[in-house]
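Enquirer: What follows is a structure written as structure tokens; I'll ask about it next.
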Amino acid sequence: MKGLRNYLNKVKPNFMPGGRYSKLQSVFEGFESFLFSPNTTSSTGVSIHDSNDTKRTMTVVIMSLVPCLLFGIYNIGYQHYLAIGNPDAGFWNLFVYGFLALLPSIVVSYVVGLGIEFIGAQIRHHEIQEGFLVTGILIPLICPINTPVWMIAVATAFSVIFAKEIFGGTGMNIFNVALITRAFLFFAYPAKMSGDAAFVATEPVFGLGEGSVVDAFSGATPLGQIATSASENPVLTNIIGEPISTLDAFLGLIPGSVGETSTLCILIGAAILLFTGTASWKIMLSVFVGGLFMGFIAHLFPSATYPASSLTPIEHICYGGFAFAAVFMATDPVTGARTEIGKYIYGFLIGVLAILIRVYNSGYPEGAMLAVLFMNAFAPLIDYFVVQANIRRRLKRAKMND
Amino acid sequence: MLSKISKEALLGPLSRNNPVIVQVLGICSCLAVTAKLEPAIVMGISVTAITAFSNLIISLIRNTIPNNIRIIVQLVVVAALVIIVDQVLKAYNYEMSKALSVFIGLIITNCILMGRLEAFALSNKPWPSFLDGIGNGIGYAIILVVVAFFRELLGSGTLFGIQVIPQAFYEMGYSNNGLMILPPMALVTVGCIIWWHRSRNKDLQEQ
């Protein structure tokens, strides 16, 4: 470590203003603070002293995503080997297959996103922010495994430029960047993002997992099956036609976008976020309460027109991307509500809207993405009214004391 | 040939005083009819004709219009012209008339028309007013065509209905971007044009 530090100190003057590579100053500073914690402190008075910074927050979020990531990789392999009729191929076969299938998406998402951020920072002489570290891993986790990498590249470029850089970069965006990527893909390439062919990798990767798909194969996710069924009590099956239970959905061995299938792993991630105080428990809790509430209401009036109303509230939480959105998307501190009461309203409405869209709009089998994006737009309004209410309350108290 | 005021009236709206990207008027139809190139061009021509002639007519009678009913007079003139254009389209290009549906009729609500009548035709002579109408119409049409070019190319892979993206691309896995056909991307495209335009004309940038 000492050698690295010395090397950095040696090359540093080249990157400072006037140096040979002064145009790349923010790249250098980005790498330096990535490798070592910055040792500069504020010279004027500050109120809060804490070693917590964006880098540490982002690292914690990445750590909390690791269970979902690892399980997602395993599940890609599991679904693939199940589809080719060989689910007992061994843990490492499954895992390596999933890893190789997911790796291109992760690499592309990081290269495109960080590339644009670096270029933007150089042009505007800003510091490079750590914001994309989390977004870059979230994007592959919320996309179906069969999304072509060039689509991920286009969508990532679009959302980093139009959802983030245009508003002023990290911390200034109105909408969640990862979800904008997902929404872009969903509306631009609907054929690749939903239906039977999107969620289960059936092709061999780097020669691994050769085999033809079994006859009974159908790659629809449970929510996709519900949306296309016409019965009041649809029977949910896995990809080879065996019925599945809510426990399967909780553990996560079902087809779906990469990171969202396992509610258990998401809850482990939630525990890490809450234990370290990184995410707001108020938002998380109220999203779940909102979802359970709306799921309960919908379940009171089951109908064949809206087949998803046959799901119990608990099933709503376990299937689809609801839990993932509640834990990792709704709690984004930049795009969410910031007032303490506002957080409850914001989270609750996300939960209600997600289930409302899921049940009563047959065009969208999953509503979590749209619900979070919609409430992102309303978060400032919620905050405004909470603050105004507080001002009114205190004015009233001040007048009473006169 | 042209006096200074006429020249400014004709050429100003093409870039530095463009109705769409500088004054941000006429955005609604800009989002609605630009999914394909052909309707966008027809729309551009229709709006140009209507702005030019409504400017001319209002400018001719500007001294006889009582000030407190001028909006009604303007509306009558514009509505008459819109109906003429609509009928001509129905007679000679029925398919296009169907494709543009209500948006030809809605030219009457296009902010550019009222804006030019109020701001220019009511206080200028007929000839400069006519040129101002032509200039603003073309300024609007240019933006429509540029937006429609990108939307049709990326959204449908065609230009004027003829496929321009080679079939080999599709076989290699390329797909048309369905979002480009939806109105939100028209807004983003107009935004990009404004971005490019303001970066070229630094004095237009707001502080």
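Enquirer: Could you work out the Kirkwood radius for region B:1-53, taking every pair of different alpha carbons, averaging 1/r and inverting it, reported in Å?
Expert: Evaluated on region B:1-53, it is 12.4 Å.
Enquirer: Just how far, in whole angstrom, is region A:346-402 from region A:206-252 if you go by their alpha carbon centroids?
Expert: 35 Å
Enquirer: Could you list which residues have their amide H under 5 Å from that of B:LEU159, counting only those 5 or more apart in sequence or on another chain, with H placed in the peptide plane?
Expert: It is B:VAL164, by chain and number.
Enquirer: Oh, and also: Averaged across orientations, what area in nm² does the convex hull of the alpha carbons in region A:81-161 project?
Expert: Result: a mean projected hull area of 6.0 nm².
Enquirer: Let me know the charge dipole size of the protein assembly as shown about its Cα centre in debye, to the nearest 20, where only the beta-carbon of Lys, Arg (+1) and Asp, Glu (-1) is charged.
Expert: 2560 debye
Enquirer: Against the longest alpha carbon principal axis of chain B, how many degrees, from 0 to 90 and to the nearest 10, is the axis of helix B:183-200 turned?
Expert: Computed tilt is about 70 degrees.
Enquirer: Counting only C-alpha contacts under 8 Å and six or more residues apart, can you give the relative contact order of region B:41-130 as a whole percent?
Expert: 50 percent
Enquirer: Let me ask you something else. How far, in degrees from 0 to 90, does helix B:70-92 lean away from the longest principal axis of the Cα atoms of chain B, to the nearest 10?
Expert: 40 degrees
Enquirer: Hey, quick one: spin label on B:ALA80, modelled 7 Å out along Cα-Cβ, who in region B:27-56 has an amide N within reach, i.e. under 12 Å?
Expert: From region B:27-56, the list is B:54.
Enquirer: Under the definition of Cα pairs under 8 Å and six or more residues apart, what whole-number percent is the relative contact order of chain A?
Expert: This gives 15 percent for chain A.
Enquirer: Now for a different question. Can you tell which of A:LEU264, B:GLY191, A:LEU138 lies farthest toward the positive end of the dipole of the protein assembly as shown, using +1 and -1 charges on the Cβ of basic and acidic side chains (Lys, Arg; Asp, Glu)?
Expert: Among A:LEU264, B:GLY191, A:LEU138, the one farthest towards the positive end of the dipole of the protein assembly as shown is B:GLY191.
Enquirer: Averaged per residue, what accessible area in Å² does the protein assembly as shown show with a 1.4 Å probe, protein chains only?
Expert: Averaged over the residues of the protein assembly as shown, the accessible area is 49 Å².
Enquirer: Per residue and in cubic angstrom, what volume does the convex hull of the Cα atoms of the protein assembly as shown have?
Expert: 266 Å³
Enquirer: State the percentage of accessible surface on the protein assembly as shown attributable to carbon and sulfur atoms; use a 1.4 Å probe and exclude ligands, DNA and RNA.
Expert: 67 percent
Enquirer: Sticking with this structure for a sec: Put one equal scatterer on each alpha carbon of region A:113-234, apply the Debye formula with no solvent term, and list log10 I(q)/I(0) at q = 0.15, 0.17, 0.18 1/Å to two decimals.
Expert: The Debye formula, applied to the Cα set alone, gives -0.78, -0.90, -0.96.
Enquirer: Ratio of Rg to Rh for region A:230-286, alpha carbon only, Kirkwood?
Expert: Rounded to two decimals, Rg/Rh equals 1.13.
Enquirer: Then there's this: Give me the distance in nm between label points sitting 7 Å out from Cα along the Cα-to-Cβ direction at B:CYS192 and A:PHE296, one decimal.
Expert: Computed distance between label sites B:CYS192 and A:PHE296 equals 4.8 nm.
Enquirer: Next question. Pop out the Kirkwood hydrodynamic radius of region B:89-202 from its pairwise C-alpha distances, inverse of mean 1/r, in Å to one decimal.
Expert: One over the average 1/r among Cα pairs gives 17.1 Å for region B:89-202.
Enquirer: Please compute how much accessible surface disappears when A pairs with B, both sides summed, using a 1.4 Å probe, and round it to the nearest 100 Å².
Expert: So the buried area, both faces added, is about 800 Å².
Enquirer: For a distance above 23 Å, tell me the whole-number percent of Cα pairs in region A:175-271 that qualify.
Expert: Cα-Cα pairs in region A:175-271 separated by more than 23 Å: 37 percent.
Enquirer: Per residue in region A:174-200, which ones lose no less than 10 Å² of accessible surface when going from chain alone to all protein chains (1.4 Å probe)?
Expert: Residues shielded by partner chains are A:PHE184, A:PHE187, A:ALA188, A:TYR189, A:LYS192.
Enquirer: What area, in nm² and to one decimal, does the C-alpha convex hull of chain B cast on average over all directions?
Expert: Here the figure is 14.1 nm², rounded to one decimal.
Enquirer: I would also like to ask the following. Quick check on region A:297-388: what does the Kirkwood estimate of hydrodynamic radius come out to from the alpha carbon pairs, in Å?
Expert: Final number for the Kirkwood radius of region A:297-388 is 13.6 Å.
Enquirer: Moving on to the next point. Along the charge dipole of chain B, pointing to its positive end and built from +1/-1 on Cβ of Lys, Arg, Asp and Glu, which listed residue (B:ASN177, B:ALA148, B:ALA121) has its Cα farthest out?
Expert: About the Cα centre, the residue reaching furthest to the positive side is B:ALA121.
Enquirer: What whole-number volume per residue, in cubic angstrom, does the convex hull of the C-alpha atoms of region B:37-84 give?
Expert: 63 Å³
Enquirer: Once phi is turned into ³J(HN,Hα) by the Karplus curve 6.51 cos²θ - 1.76 cosθ + 1.60 with θ = phi - 60°, what whole-Hz value does each residue of region B:107-115 show in order, with x for glycine and proline?
Expert: The phi angles translate into 4, 4, 8, 5, 4, 4, 4, 4, x Hz.
Enquirer: Another question, if that's okay. Would you mind giving the average projected area, over all directions, of the Cα convex hull of region B:1-114 in nm² with one decimal?
Expert: The number I arrive at for region B:1-114 is 8.4 nm².
Enquirer: Subtracting the Cα-Cα distance from 0.36 nm times the residue separation, let me have the gained length for B:SER3 to B:LEU182 in nm, one decimal.
Expert: The span from B:SER3 to B:LEU182 would gain 60.1 nm if fully extended.
Enquirer: Let me ask you something else. Would you mind getting me the FRET efficiency between A:GLU127 and B:GLU95? Use the beta-carbon distance for r and R0 = 56 Å, nearest 0.05.
Expert: E between A:GLU127 and B:GLU95, to the nearest 0.05, is 0.50.
Enquirer: If you don't mind, there's one more thing I want to ask. Just name one of A:ILE240, A:PHE162, A:GLY219: the one whose Cα is farthest towards the positive end of the charge dipole of region A:109-259 (beta-carbon charges, Lys/Arg +1, Asp/Glu -1).
Expert: A:PHE162
Enquirer: Could you tell me the largest-minus-smallest coordinate of the C-alpha atoms of region B:72-155 on each of the three principal axes, in descending order and whole angstroms?
Expert: 43, 27, 19
Enquirer: Amide H of A:THR237 versus every other amide H placed in the peptide plane: which residues, excluding those fewer than 5 positions away on the same chain, fall under 5 Å?
Expert: Those lying under 5 Å, H to H, from A:THR237 are A:ILE244.
Enquirer: Please give the average number of partner chain Cβ atoms lying within 10 Å of the Cβ of each residue in B:173-182, rounded to a whole number.
Expert: Taking the mean over all residues of the peptide, I get 5.
The values are calculated or read from the model by the stated rules, or taken from the named source; none is laboratory data. Note that this is a predicted model, so its numbers are computed, not measured. Note that we place each Cβ from the backbone using ideal geometry, even for glycine, and neighbour counts take in every protein chain shown. Remember, those area values only see protein heavy atoms, side chains included, never the ligands or the DNA or RNA. Shrake-Rupley method; radii C 1.70, N 1.55, O 1.52, S 1.80 Å.
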